[in-house]
Amino acid sequence: MQFFQKFYDVMLAKGRWELIVQGLGTTILISVCAILIGTLLGCLFALMKISKSRILHGIAGVYTTVIRGIPLATQLMIFAFVVFGPLGWDKLLIAIIGFGINSGAYVTEIIRAGIEGVDIGQTEAGRSLGLNRTQTMLKIVLPQAVKAVLPTYTSEFIALIKETSVASFIAVMDLNKAGDMIRNASYNAWYPLFTVAVIYLILTFGLTKLFGMIERRLARSDRG
Amino acid sequence: MIEVKDLFKNYGENQVLRGVTETIHQGEKVVVIGPSGSGKSTFLRCLNLLEQPSSGEIWFEGQNITAKGTDIDLVRRKMGMVFQHFNLFPHLTILQNIMLAPVTLKLQTKQGAEEYARELLEKISLPDKADTYPAMLSGGQKQRVAIARALAMKPDVMLFDEPTSALDPEMVGEVLSLMKELAESGMTMVVVTHEMGFAREVATRVLFMDGGNVVEQNTPQEFFSNPQHPRTKDFLAKVL
């Protein structure tokens, strides 16, 4: 019983549970918004990467190289204190944009690999039926690419959820930060850190299971 | 219907087609044979510009389709193509495979396209496969669906690129007999194949290609019984 008493004192009393709930909400909000932005950017830059235009290809190349070559924390601080800071934007918004731009670079590579992995015969079949490039891409290549990259894409989303803990660097109160504040206020590291760790684990494990189910449903057409 | 004028195709140093000139008339069933590397598949793939010719002209139904500014997508609607590896869309059901192009291009309503697709499935004797996915079909069934998918566009000519080369031997017959039916219905066909029996039975004209050009051509009777060119004789001696 001592465990529960202690847990109550450290984590729940004095309205501290609200910090956790708030922090969790922020973490989920950043993750979901960032993966949406990242997916949009990823599709856009992936198409640029496979386009014949050297300029578009070059721009996309610079984007993925720069973003993937700089540590996330450094990037986020640049966004917060240099790029968007002077505009006086809300830190949460900056975090969402920052994580979105970062995730987009990884999603770009995932989608590009997916598109290039679709057999060229699929494109030829589409074009030979009179579909134009865009129709062939949208109706034939992308659906197959999406299905093929889904496992990698979901691990990117799960990695993103964990990485949002870096938001603490720019003073956004996410789940990680909430645990840290409770640690400071209660002079107890064990309970807040493990509570936060378990919540992250439930999030990521739950999502892994969920995405696994989706993948199995999408695999219907593969059964021979 | 199709006029090819002095067609060249190079891949870098490698000259695959060396000045092919050929006319294919409406209703003809032209079978193209030749050793591998002779350029026969490249020739076929140039006809609907899946390969961009290095030089030369291709005219289809009175239009120079190699001219700049040609909307090749419009031209391809009238040229059906069947591939060696079927290239069915694995994420779509058989019915959706057949309906995709007419519906996407808004040539037919969804309902109209489905009716016609079911009619085609009836014709290829696979009406019960409408809602299954390509992965569940045998090779021969896949190729029959691929033919139906091309026919759904109501093309004026059908191009076949080694349609039976990827099939198990026992499935070759069902695809060839469907192609024969199609030929009898009056379709203009250009077929690249190694099936000499099909050439003999169905072709109105046989082209023998070697070294990037048409070396000899004739009616199947004359071609097989009385080949003229030494390379034709040599090839036929090996395959017959």
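A few comments on the model shown:
- Summed over segment B:70-124, residues that are closer than 20 Å to B:Met179 by Cβ and of a type in the set (Asp, Glu) total 2.
- The residues in segment B:185-196 that are over 14 Å from B:Ile147 (Cβ atoms) and out of contact with any helix residue (DSSP H, G or I) (no Cβ under 8 Å at 6 or more places or on another chain) can be counted, and the count is 2.
- Any hit, segment B:187-207, residues being out of contact with any His (no Cβ under 8 Å at 6 or more places or on another chain), among the small types (Gly, Ala, Ser), over 30 Å from B:Lys129 (Cα atoms) and not in a helix (DSSP H, G or I): yes
- Close pairs (7 angstrom Cβ cut-off, 6 or more residues apart or separate chains): more than 14 Å from chain B (Cβ to nearest Cβ) in segment A:196-224, modelled with pLDDT of 85 or more and open to solvent by 60 Å² or more (accessible area, probe 1.4 Å) anywhere: A:Tyr200/A:Lys162; A:Thr204/A:Lys162
- Candidate set from segment B:77-99 (those that are within 22 Å of A:Leu138 (Cβ to Cβ) and open to solvent by 40 Å² or more (accessible area, probe 1.4 Å)); member that is farthest from the other protein chains (Cβ to nearest Cβ): B:Gln96
The rows are residues; the columns are (1) touching a Gly at 6+ places or on another chain (Cβ under 9 Å); (2) in contact (Cβ under 8 Å) with a residue 12 or more places away in the chain; (3) of a type in the set (Gly, Ala, Ser).
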site: B:Phe8; (1), (2), (3): yes, yes, no
site: B:Tyr11; (1), (2), (3): no, no, no
site: B:Thr23; (1), (2), (3): no, yes, no
site: B:Gly27; (1), (2), (3): yes, yes, yes
site: B:Ser38; (1), (2), (3): yes, yes, yes
site: B:Leu74; (1), (2), (3): yes, no, no
site: B:His85; (1), (2), (3): yes, yes, no
site: B:Gln108; (1), (2), (3): no, no, no
site: B:Tyr116; (1), (2), (3): no, yes, no
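- The helices (runs of 4 or more DSSP H) found wholly in segment A:72-181 and carrying at least 1 residues that are open to solvent by 10 Å² or more (accessible area, probe 1.4 Å) and either on the phi > 0 side of the Ramachandran plot or in contact with a Pro (Cβ under 8 Å, 6 or more places away or on another chain) (or both) occupy A:142-163.
- Filter pass, A:Leu138 being of a type in the set (A, V, I, L, M, F, W, C) and either in contact with a helix residue (DSSP H, G or I) (Cβ under 9 Å, 6 or more places away or on another chain) or modelled with pLDDT under 95 (or both): yes
- Residue count for segment A:40-71 under the criterion of being farther than 21 Å from A:Val146 by Cα, open to solvent by 30 Å² or more (accessible area, probe 1.4 Å) and among the aliphatic types (A, V, I, L, M): the result is 6.
- Whichever residue in segment B:42-76 is open to solvent by less than 60 Å² (accessible area, probe 1.4 Å) and among the basic types (Lys, Arg) and, among such residues, is nearest to the other protein chains (Cβ to nearest Cβ): B:Arg76
- Criterion: outside any helix (DSSP H, G or I) and more than 8 Å from chain A (Cβ to nearest Cβ) - qualifying residue of B:Pro102, B:Pro155: B:Pro155
- Within segment B:125-151, restricting attention to residues that are away from every other protein chain (no Cβ under 13 Å) and part of a helix (DSSP H, G or I), the residue that is most open to solvent (accessible area, probe 1.4 Å) is B:Asp128.
- Test: residue in segment B:188-198 that is of a type in the set (D, E, K, R), closer than 26 Å to B:Leu7 by Cα and open to solvent by 20 Å² or more (accessible area, probe 1.4 Å): yes
The values are calculated or read from the model by the stated rules, or taken from the named source; none is laboratory data. Keep in mind it's a predicted model, so treat the numbers as computed, not measured. Positions of Cβ are generated from backbone atoms using ideal geometry, with glycine treated the same way; all protein chains shown enter the neighbour counts. With ligands, DNA and RNA removed, areas are computed over all heavy atoms of the protein, side chains included. Shrake-Rupley method; radii C 1.70, N 1.55, O 1.52, S 1.80 Å.
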